[in-house]
Structure formats: structure tokens, C-alpha cells
1. Would you calculate the separation in nanometres between label points at Phe492 and Val206, each defined as 7 Å from the Cα along the Cα-to-beta-carbon direction?
2. Could you order peptides 273-281, 68-76, 485-493 by the average number of other Cβ atoms within 10 Å of their residues, highest first?
3. Among His414, His170, rank each residue by its count of other Cβ atoms within 10 Å, from fewest to most, as a rough exposure measure.
4. Once Rh is set to the Kirkwood radius over Cα pairs, what Stokes-Einstein translational diffusion coefficient, in µm²/s, holds for the range 281-393 at a temperature of 4 °C and a viscosity of 1.567 mPa s?
5. Within 10 Å of each residue's Cβ, count the other Cβ atoms and sort Ile381, Ile219 from fewest upward.
6. Please compute, for the alpha-carbon atoms of the range 205-305, the extent along each of the three principal axes and give them in descending order in Å.
7. Please give the per residue volume of the convex hull enclosing the alpha carbon atoms of the range 199-242, rounded to a whole number of Å³.
8. What is the projected area of the convex hull of the Cα atoms of the range 229-288, averaged over all directions, in nm²?
Amino acid sequence: MTDKPSNSPKRYVNDLRRLDYVQNQAHQQISYGPLPLIIAGVFLMAAGYFGYVNLDVSAENVFMLIAAASIGGYMALNIGANDVANNMGPAVGGRVLTITAAVLIAAVCESAGALLAGGDVVKTVAKGIIDPGSGVDVGAFRNLMLSALLAAALWINLATVLNAPVSTTHSIVGGVLGAGIAGAGFGLVNWATMAKIAASWVISPVFGGLAAAALLFFIKVKILRVDDRLNAAKKWVPVLIGLMAGAFVAYMAMKGLKKIWKPSLNEILVYAALAFGLAWAAAVPYIRSRAAVLSNRKKDIYTLFNLPLVIGVSLLCFAHGANDVANAVGPLAAIVSTFTATSVEAKVSVPFWVMMIGAAGLALGLFLFGPKLITTVGEKITRLNAPRAYCVALASAVTVLIATGFGLPVSSTHIAIGAIFGVGFLREFMENPNKKRLKPGHKLNKTAEDAFKNINVRIGRKLVRRRFVVSIAAAWVITVPAAASVAATIFFVLQWLTAMAQ
């Protein structure tokens, strides 16, 4: 009798088919007509006009202000199309949310995060990568930041057209770095801040992967691999919901509401603990009522994670809006600050209308162009279901929140991919306990055909698509030098045009 293990090649093929299904579903809901481009063009003109009516500048600075506001909006659109889409990948990949519902939730949460909690990170991107007081005048500084913004936006736009998820944070950091070096040499760059940012690029995917794997391990051991899964779920799923609520309240207390409320650390801990208790108390009867109509099968247990997953991806989008809005409006805020000061200041105040351009651009870019890439990160590496997607989302959110607390611009793409790899490799470790090849001379290895089948079985046990490691790593490596090169070129052109106009 031939035994069919659960980790057979057929199962791996099913993983591939799952990707095809979700991608086809996404493409069916996308309109490739000219309307999205027309709407985007109208938004960019509106962003430029919005900047013009909100800031009174001299006649010679009007063009710079309108251009900066429009390009800031263009950058926000591209972040919405490329980077924001990654946040909803787990929920769509796990078939918990449709693409339409995911886009709506993401747009609301991204905008709220940008408006409520994006201020400090904007300052870091605008002023932390370069030292504006070292050998650059106000005019050159404006050209520098505008070059960085446009170069990053163009690079992300190209990547979106090619259906390639890239780091928008890498793009803007590379743009600022390249334009800064072109403007005043290597001495202009704040290498200490660059080192922190570079370290966060390594720490983010590693921490995201470990956190997601730890969460999935807990769920498997405590819920999915016990005899009475329903009772286990009724016990532990409310706890997971409570943990999520506590983390969200702690973040809001530290960052989201700091302009009107500045609690102490002890107060934050108390409110987080209270949120945990209230969420847990509310989740207990909800999970109990859901479990009453479910069987003990794993597929039924998976549905209990739907609500925590939706909460998790919403939290992730809020955190992403708070953190990555800096990539769109950070350079814009730096340019705007030079119109109200006689010199380039070390600290910049971010006007509300600047944040509005960033928040609106994120949401609109997601609506118009996001569905094309919304499944890329969530489905290209490994197969996701609701519990796995929940682990990816929560681990990604926690990592972004920690980074935002320190004021460091991190890549949500790196975090999400690290979390998905963590989930995938844990699947391989736990779902494939017997990884040894058959010994030479075994009766099943007598013919070349049997040996070939044995190799296929071993390949089938790899539940993480290794071939994407190379393409993802290449995109990460190329982004910074590509954005830096384009920014340096644009800066030289702007400086030449400025000199010709004088």
C-alpha cells in the first residue's frame, strides 16, 4: 500500500495553484483603463494648488512650492500603490478579506496613522540623513530634497509597473543620500544616522521573522495540534486578541495621541493592561458563540482567527501610515520649512496641510493602483491561511510600532517578507519531520525512476519558494544605488536650471 504524506509534491503544487487563484482574482478586479491615470493627474494638480493656497511665498518661490507639493503627492501615490499594498497581503492571501474590503480598510487606517502619528518620523527622514548645515545654501537644499523625492517616486513607479515590491524607505533614503553627496560631497551625510537606518534594515526582517514564527509555534502547539481544538481555541484566541489590543493602546498612548496627551510609562502600562483585560473579556463570549457552531476540524478552527487577523492588518496599516508617510512628505516638509525661515533649520515643524497631502496620496494610490500588488508579498513566498496570516500581520505591526517609537524609518516590505519567511520555515520544520533521503540500496531506490521520484518528494517538502530569495534580495540591493544615482542626476539638472534662471 502506498502512503500519501501530507508533504507530498502534490501538496506543494497546490500551494502554487493557490497563488495563481489569488492573483487571478486580483487581476479580475483591476481596471487597466486610463481613468486611474486621469484621477492621479487631477490629484497631483490639486496637491500643487493646495500647497499654493496654504503657504504665502514670494513670486520666485511659487514654482518650487507647487512642484514640491505635486511631487510629494506623486510619491504618496506610489507608496500607496506599491508599499501599502503589502500590508493587506496576509488577509487577502488567507482568504479572510476580499481585495475591495482590504483596500477600504487600509485606506482608512493608513490615513489615520499618517495624520495622528507621523510627525516624529517625518522629522527623521527630512533632517536626519544629511546635515543641512554643512556646506549647502537654502536654494541648493531645496533642489536636493526635491531631487531625492522625485528620484524615489520615479523608481517606485517603475517597480510598480514591473509588478515588483520594493522598499519605499530604501528609495527615499537612497534619494536623499545621492542628492546630498552630489550637493556637498560625502561630508554632508550624517553617517551615524545612516548606520542606524542600515542596521534597522537587517533587524527588521529578522525580528519580524522570529516574532511571526514564535506566534505560529504558539498557535500550533496550544490550539491546532491538541485533541480538543475547540476548547483550546476558546481559551487562547481571546488571549491573542487581548495582546493585540494592549499593544495598540500602548502605541497610541506613546505616539498617536502625544500632542494632546503625554502619559508616563507607568500610565501607559496600566492602560495597556486595561485594554488587554477588556478585549479579552469581550472576546471570550464572541469566540465561545462562534465555536458553538463549529466542528473540531482545523479548517473550522481557522475561521476563529478571521477577526483577529482583520484587527491585526488594520493595526499594521495604521503603523505603516505613521511610519512611511515620512517617505512622501518628509522632503516636502523640509522644503516648506525653508520658506518660513532664513536658513536651513535643524528641526522642522510639519504643517497639517503637508500631512494631508501625504495621507490622501497614500489612500488614493492604494485605491487606484494597489490591487495589482496587494497579493505579492503575501502569496509569492509561502502559502498562507488565517492563522499564518494573523502571525505575519501581528509580527509586522509590532515591529513597525517599535521602530516608530524610536523614530527610525524601517521598511514594511522587509518586515513583512521576514515574517512570511519565518512562518514558511516554521511550517517546513514542523510539518516535515522526516527529511532524510532513503539510503542507497533501499528497495525503493532500485531504479533511476524511483530515485527521481524520491528527489521530487524532497523538493515537495520545501514549503518556502527559495527562488524568490534571489529576486527579493536583488531588488533590495539595487534600490538604494538606483535611487541615489537618479537623484544625483536630477540635482545637477536642477542646479543648472537654477543657475540659468539667475
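Laboratory data are not the source of any read-out in this text; all were calculated from the coordinates shown. None of the values given here were measured: they were computed from a predicted structure. Backbone-built Cβ (ideal geometry, glycine too); neighbour counts: all protein chains shown.
1. If labels sit at Phe492 and Val206, their model points lie 3.8 nm apart.
2. Working: 273-281: 16.2, 68-76: 28.7, 485-493: 20.7.
Going by the mean number of other Cβ atoms within 10 Å, highest first, we get 68-76, 485-493, 273-281.
3. Values: His414 25, His170 28.
So the residues, fewest neighbours to most, are His414, His170.
4. Numbers: Rh = 17.7 Å.
In µm²/s, the coefficient is 73.
5. Values: Ile381 26, Ile219 22.
Taking fewest neighbouring Cβ atoms as first place, the list is Ile219, Ile381.
6. Each principal axis gives a Cα extent; for the range 205-305 these are 48, 34, 18 Å.
7. On the way: hull volume 2.4 nm³, N = 44.
Measuring per residue, one finds 55 Å³ for the Cα hull of the range 199-242.
8. Numbers: hull surface 16.1 nm².
Here the figure is 4.0 nm², rounded to one decimal.
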